[in-house]
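Data first, discussion second: the structure below is written as C-alpha cells.
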Amino acid sequence: MAVQLPGPTGLANLTYGRLFLTRPYAAIAALYAAYGPVFVYGQGPFRYFYLIGPEANHYLLASNPGNFRWREAFEVLAPIDGETALILSDGEDHKRRRASPDEADDVMALLVATKDETGDFLSNLEVRDQVVSLIAAGFDTTSAAMGWAVYAMLKEPAIWERARAEVEQVTGRGPLAVEHLGQLPYLDWVISETLRLYSPAVIGVRKAAAAFEFGGYTIPAGSMVIYSQYITQWMDE
Ligand code: HEM
C-alpha cells in the first residue's frame, strides 16, 4: 500500500499559507522542520512535492535528471522569454540550441553564428527568445549576486579590504579586464560563498516524467517537484 506523504492539512494549511505570502523561504524551512525532507504542500494546480536537502538536490540534478522535465515546470515564463528560450525548453531542440557556436566576439554574434550538427542556424524567433532570456535570467541573477556580495563584504570590513587589496594589486588600479579574472582567487571565494549563502535562485522546479521513490515515499508521475538550494545551505545540520 502506498505510504501517505506528510504535509499540513486543514487549519495548518492556512497557517503556512499566511507565512508563504510574506516569507516564502521561512515557510519552506518551517514545513521542513515540521514534516522532514519530503512533504506535500499546496492546493490544486499549486500542489507541489517538496524534496529538501542535499540528497534531494543530488537526486534531482545529478543522479536522476533524465526523469525530470523542465519545459512544463518553467512554462510560466513562456509569455516573456518565448517558447524556444533555453530557460524553458528541453529535449532535442534544447540540445541543438546549446550547440557550440563558431568564433564570434559578442553574444548577438554568437547566437547568429550558432549552427547545429546539420549546419542549420537558429531561427530569428530563437535568437529573439535567447536575447530576452539573457536579459530576464541573466540580469536579475547577476545583479542580485553583486548586491549580496557587497552587503556581505561590508558586514565584515576585513573581507572587503582584503578583496579590494587583491583587485588593486592585480589591476594596478586600472580598469578590470577579462584576463584579470583568473588571478583573483580571494574574490572568487567571496563570490562563491555569497552565492552559497544568498543564492539568487532560491528554489528550482521540475515535473516528474515517471513515478519515483525518494526518502521512503513514492512520488507519482506528473508531480510538480520543488527543491531548494537556499534552504539546503541554511540547514542547521
Ligand atoms: C549569479 C548569476 C546566476 C545564477 C545564480 C543563475 C542560476 C541559475 C540556476 C540555479 C539555473 C538552473 C535552474 C534549475 O536547474 O532549476 C540556471 C539556468 C539557466 N540560466 Fe542562470 N544563473 C545566473 C546567471 C545567468 C546568466 C548571466 C544567464 C544568461 C546570460 C543565465 C541563463 C540561464 C539559462 C539559459 C539557464 C537554463 C540552462 C539550460 O537549461 O540550458 N543565467 N541559472
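The values are calculated or read from the model by the stated rules, or taken from the named source; none is laboratory data. Nothing here was measured: the structure is a model prediction, and the numbers come from that model. As a convention, Cβ positions derive from the backbone with ideal geometry for all residues, glycine included, and neighbour counts pool all protein chains shown.
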* Asked: Has the range 123-142 got at least one residue that is closer than 17 Å to residue 85 by Cβ and not in a helix (DSSP H, G or I)?
  -> yes
| task | Evaluate the range 38-47: report whether one residue or more is part of a helix (DSSP H, G or I), farther than 22 Å from residue 201 by Cα, at pLDDT below 85 and within 13 Å of the ligand (Cβ to nearest atom). | result | no
Scanning the range 156-177 for residues that are aliphatic (A, V, I, L, M) and over 18 Å from residue 145 (Cβ atoms), the one surrounded by the most Cβ atoms within 10 Å (Cβ to Cβ) turns out to be 170
Per the list (1) more than 8 Å from the ligand (Cβ to nearest atom); (2) touching a strand residue (DSSP E or B) at 6+ places or on another chain (Cβ under 8 Å), residue check on residue 70 breaks on (1)
Of the listed residues (199, 192), the one being farther than 24 Å from residue 7 by Cα and in contact with a helix residue (DSSP H, G or I) (Cβ under 8 Å, 6 or more places away or on another chain) is 199
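Every residue, every condition in (1) more than 19 Å from residue 218 (Cα to Cα); (2) surrounded by 14 or more Cβ atoms within 10 Å (Cβ to Cβ); (3) touching a helix residue (DSSP H, G or I) at 6+ places or on another chain (Cβ under 6 Å); (4) among the acidic types (Asp, Glu), yes or no:
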{"site": "3", "(1), (2), (3), (4)": "no, no, no, no"}
{"site": "15", "(1), (2), (3), (4)": "yes, no, no, no"}
{"site": "33", "(1), (2), (3), (4)": "yes, no, no, no"}
{"site": "36", "(1), (2), (3), (4)": "no, yes, no, no"}
{"site": "52", "(1), (2), (3), (4)": "no, yes, yes, no"}
Within the range 143-174, restricting to residues that are over 30 Å from residue 80 (Cα atoms) and small (Gly, Ala, Ser), the one that is nearest to the ligand (Cβ to nearest atom) is 152
Listed by first then second residue, the pairs whose first member lies in the range 62-89 and is at positive phi, whose partner is within 13 Å of the ligand (Cβ to nearest atom) and not aliphatic (A, V, I, L, M), with beta carbons under 8 Å and at least 6 positions apart or on separate chains, are 82/129; 82/133
Residues in the range 8-24 that are within 24 Å of residue 214 (Cα to Cα) and within 24 Å of the chain's Cα centre (by Cα) total 2
